[in-house]
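To start, the structure under review is shown below, and the notes come after it.
The values are calculated or read from the model by the stated rules, or taken from the named source; none is laboratory data. If you're wondering where the values come from, they're calculated on a predicted model, not measured in any experiment. Ideal geometry is used to build each Cβ from the backbone, glycine not excepted, and the neighbour counts take in all protein chains shown.
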Amino acid sequence: MLVVPPSLPVKSAAEFIAYAKASPGKLYMASQGVGTTPHISGELLKMMTGINFVHVPYKNALMPDLLAGRVQFYFSPTPLAVGYIRDGRLRALGVTRATRSAALPDVPAIAEFVPGYDVNAWLGIGAPKGMSTEIIERLNAEIVAVTTDPSIKARLLDLGVEPKPMTPAEFGKFIAAEVEKWAKVIKFANIEPE
């Protein structure tokens, strides 16, 4: 989700975009490094809105500088930001996924202001090439059972993590679409491997 310190005079993603457009190159975006999900989340917003900012890649903890206002925004993993948002040390301007999050339902999706904006950090489980279909199907069934268990699902949702079980074929198509999408953003931002 897009978070800012309370000292930044914006209350929504729309206000943030207007503020950034009025201050080109004067806002600093923190990330854990070049090419990380927070970095490319910002680059996607730049590509879609025309805002301009300075990317500040951190090798160590970035949260102290964000909380102090030395950097003005960060695309944070939801579980990391939830506590800071709930205690008022950070302001959530929007979730990066296409729809609102169950963890913070009052926080709008950035897509409500920037149609088509959608960033989901995700985790998946892969298997070695050549593994039998029978084993893959059983492994998938067990993973689906765990991620749809009501108590586990509730705990994950409370952390801002929303399980999305898929079949192996669906997951393969999802990965291909993600590679295509992010290749465009990386090319736009001229991101090079370090």
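Inside the stretch 51-105, residues that are closer than 17 Å to ALA13 by Cα and aromatic (Phe, Trp, Tyr) make up a count of 4.
Residues of the stretch 12-63 that are hydrophobic (A, V, I, L, M, F, W, C) and touching a residue at least 60 places away in the same chain (Cβ under 8 Å): ALA13, ALA14, PHE16, ILE17, VAL34, ILE40, LEU44, LEU45, MET47, MET48.
Here's the yes/no breakdown for (1) over 16 Å from the mean Cα position of the chain (by Cα); (2) farther than 19 Å from PRO77 by Cβ; (3) loosely packed, with under 14 Cβ neighbours inside 10 Å:
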residue	(1), (2), (3)
PRO108	no, no, no
GLY130	yes, yes, yes
ARG138	yes, yes, yes
SER151	yes, yes, yes
PRO163	no, no, no
GLU170	yes, yes, yes
PHE188	yes, yes, no
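Cβ-Cβ contacts under 6 Å between residues 6 or more apart (or on different chains), taken from a first residue in the stretch 160-174 that is touching a residue at least 40 places away in the same chain (Cβ under 8 Å) to a second residue that is surrounded by 15 or more Cβ atoms within 10 Å (Cβ to Cβ) and of a type outside the set (A, V, I, L, M), are listed as GLY160/THR78; GLY160/SER101. Among the conditions (1) surrounded by fewer than 18 Cβ atoms within 10 Å (Cβ to Cβ); (2) out of contact with any strand residue (DSSP E or B) (no Cβ under 8 Å at 6 or more places or on another chain); (3) at pLDDT below 95; (4) of a type in the set (A, V, I, L, M, F, W, C), the only one that VAL114 does not satisfy is (3). Residues of the stretch 83-103 that are in contact with a strand residue (DSSP E or B) (Cβ under 8 Å, 6 or more places away or on another chain) and either modelled with pLDDT of 95 or more or surrounded by 18 or more Cβ atoms within 10 Å (Cβ to Cβ) (or both): TYR84, ILE85, LEU90, ARG91, ALA92, LEU93, GLY94, VAL95, THR96, ARG97, SER101.
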